[in-house]
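Here's the structure we're looking at; comments come further down.
FYI, it's all coordinate maths here, none of it is from the lab. Small disclaimer: the values here were computed from a predicted structure and weren't measured. A quick note on method: Cβ atoms are made from the backbone with ideal geometry, for glycine too, and the neighbour counts reach across all protein chains shown.
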Amino acid sequence: MPTPIPFAYFITFTCYGARLHGDEAGSADRNHNIPGTPYLAPNKSKSLFKARLMKQAPYELNLQRRDTVLQAIRDLCLRRGWKLLAAHVRSNHVHFVVSAQVVPERVMRDAKVQASRALDRTGVAGLAPRRWTRHGSTRYLWKAEDARSAVHYVLREQGEPMAVWENPTGIG
């Protein structure tokens, strides 16, 4: 029996070094990754330990990098026939809501690859060999109502808008 495809996916991935486990700002792991549940508790010694393990400084997305990543995700979705509903590229993470007929892990992997290639091609990547953390969050949105909530979160609940895109045709 084929696996059912949800209405959309809510995908989030972070830049290398963003929100280390134990950080005061909060972080999530596989046991603390459900919306509405608390982040991991702050733990200074854990945060310092994780920082010492880093192989480079945290990677940050400045204005040029954010615009480049956003355009790369838009181009990828257009090329693959995936319907991008909303995207918001922040200084240390990326959120997007997309409808695709493939597993969300592939969507996220391809988005990271295309974003990295675009950063390299445009010359705004910087010298950091690592840009993204391993994996990210891939939430299944089974109903249009779930997708609307995710789009609202991506567009309106991230603080001051940075590199933002909203599908002009809406959710449908």
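Quick one: which of Arg117, Arg156 is exposed (fewer than 15 other Cβ atoms within 10 Å of the Cβ), closer than 17 Å to Tyr59 by Cβ and charged (D, E, K, R)?
Working: Arg156 fails: closer than 17 Å to Tyr59 by Cβ.
Answer to the selection: Arg117.
Kindly indicate whether Asn167 is surrounded by fewer than 20 Cβ atoms within 10 Å (Cβ to Cβ) and over 22 Å from Gly17 (Cβ atoms).
Numbers: surrounded by fewer than 20 Cβ atoms within 10 Å (Cβ to Cβ): yes; over 22 Å from Gly17 (Cβ atoms): yes.
When the stated conditions are applied, Asn167 passes them.
Can you pull out every residue in the range 121-140 that is closer than 17 Å to Ile73 by Cβ and in contact with a Pro (Cβ under 8 Å, 6 or more places away or on another chain)?
Answer for the range 121-140, where residues must be closer than 17 Å to Ile73 by Cβ and in contact with a Pro (Cβ under 8 Å, 6 or more places away or on another chain): Thr138, Arg139.
Please determine whether any residue of the range 126-136 is surrounded by 13 or more Cβ atoms within 10 Å (Cβ to Cβ), among the charged types (D, E, K, R) and in contact with a Phe, Trp or Tyr (Cβ under 6 Å, 6 or more places away or on another chain).
Checked the range 126-136: at least one residue is surrounded by 13 or more Cβ atoms within 10 Å (Cβ to Cβ), among the charged types (D, E, K, R) and in contact with a Phe, Trp or Tyr (Cβ under 6 Å, 6 or more places away or on another chain).
Report whether or not Ala57 is crowded, with 20+ Cβ neighbours inside 10 Å and not charged (D, E, K, R). If you could, list the steps in order and put the result at the bottom.
Numbers: crowded, with 20+ Cβ neighbours inside 10 Å: no; not charged (D, E, K, R): yes.
So Ala57 does not fit the description; no.
Within the range 79-102, track down each residue that is in contact with a strand residue (DSSP E or B) (Cβ under 8 Å, 6 or more places away or on another chain) and without any contact (Cβ under 8 Å) to a residue 40 or more places away in the chain.
Trp82
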